[in-house]
Structure formats: structure tokens, C-alpha cells
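Have a look at the structure below before the remarks.
The values are calculated or read from the model by the stated rules, or taken from the named source; none is laboratory data. Please read all numbers here as calculations on a predicted model, not as lab measurements. Here Cβ is always computed from backbone atoms with ideal geometry, including for glycine, and neighbour counts include all displayed protein chains. Remember, those area values only see protein heavy atoms, side chains included, never the ligands or the DNA or RNA. Shrake-Rupley method; radii C 1.70, N 1.55, O 1.52, S 1.80 Å.
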Amino acid sequence: MVLLLGPISEAVRIVVRRLVAEAPPDQPDADERLNGYVLSGGPGGASYIDSGGEVWNWHCDWNGSGETIEHVPDGPMKVGLVAIAAERVPELAAWLPKRPPGAADCKPCRRSGRLSPPLPRVQCPECYGMGWTV
């Protein structure tokens with residue numbers, strides 16, 4: 001079984017549209033795919049969700065190859081990005097997959113979705129923030 005978000009519900013779509021409408025432009029003159037709400041970001045890139053619920057990764061290579069923008073298809077990476085954003089916007093959690101019967105507790109993160117200290121708050125790469133694995 002693959003970890004998927006599935007179709008976005010109308011209630012979550014309304015939340016996403018509101019987030020996108022209220023989001024200040026992150027980058028002036030940015031590609032239209034980046035006119036969304038920042039799900040996660042760092043010095044070399046960021047992930048955005050657009051008003052339709054599509055997720056885009058933006059990467060900047062400071063060594064000269066420029067910027068890239070990639071669509072994030074439904075799957076574990078998109079689930080993980082929405083899980084990160086759901087910590088700030090709890091209404092997004094309604095879109096996350098429900099724990100299926102028979103799923104195992106994630107051992108690396110001990111069901112927390114995050115790796116344990118002394119590591120900084122890093123999302124568990126095994127469960128993508130869900131706390132369980134299938």
C-alpha cells in the first residue's frame with residue numbers, strides 16, 4: 001500500500017484557497033506555480049501548495065545552474081509536506097491519510113512523526129510524519 005493523500009475534500013480545499021489568498025508573495029515575479037502557501041522551506045528551496053491543492057517544489061542551485069520547479073505527485077513526499085504544514089494549520093490534517101488497520105507503529109520515531117533528540121525537529125523519513133507504516 002502506497003501512502004497517498006487522495007482527493008482533496010471541499011472543506012480542505014476551502015482552507016487551502018484561504019491560505020493561498022492570504023499568503024504574501026514569497027518571491028517577487030515568481031513563476032505562477034509558486035503563487036501559493038509555503039508548506040516548508042529552507043535556504044535552498046521551498047514547497048508550495050496552490051489553490052487547487054497541487055504541491056510544487058522550488059530549488060535554487062547557488063552554484064550557477066539556476067532554479068527548478070517540480071510538481072510533487074500524490075505520494076509519500078506530498079503526504080509529508082502536508083503533515084509539516086498541518087502542524088501550523090491543523091485544518092490540513094483532515095486531508096492526511098487515516099491509519100489503516102494493521103499498520104505498524106513507526107519504530108525510528110516511536111510514533112511521533114519526528115526523529116528523537118538530539119536531532120533537531122526533523123520529520124521521520126520512514127513514516128513521513130504519520131507515526132505509522134504500512
G129 meets each of (1) more than 20 Å from G6 (Cβ to Cβ); (2) not in a helix (DSSP H, G or I) with one exception, condition (1)
Among residues of segment 111-126 being in a loop (DSSP other than H, G, I, E, B) and closer than 22 Å to D74 by Cα, the residue most open to solvent (accessible area, probe 1.4 Å) is E126
Those residues of segment 12-43 which are modelled with pLDDT of 80 or more and loosely packed, with under 11 Cβ neighbours inside 10 Å amount to A21, E22
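One line per residue, one yes/no per condition, for (1) in a loop (DSSP other than H, G, I, E, B); (2) crowded, with 19+ Cβ neighbours inside 10 Å; (3) in contact with a Pro (Cβ under 8 Å, 6 or more places away or on another chain):
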| position | (1), (2), (3) |
| --- | --- |
| S47 | no, yes, no |
| N63 | yes, no, no |
| D74 | yes, no, no |
| K78 | no, yes, no |
| A94 | no, no, no |
| K98 | yes, no, no |
| C109 | yes, yes, no |
Checked segment 80-92 for anything open to solvent by 70 Å² or more (accessible area, probe 1.4 Å) and modelled with pLDDT under 95; matches are E87, R88
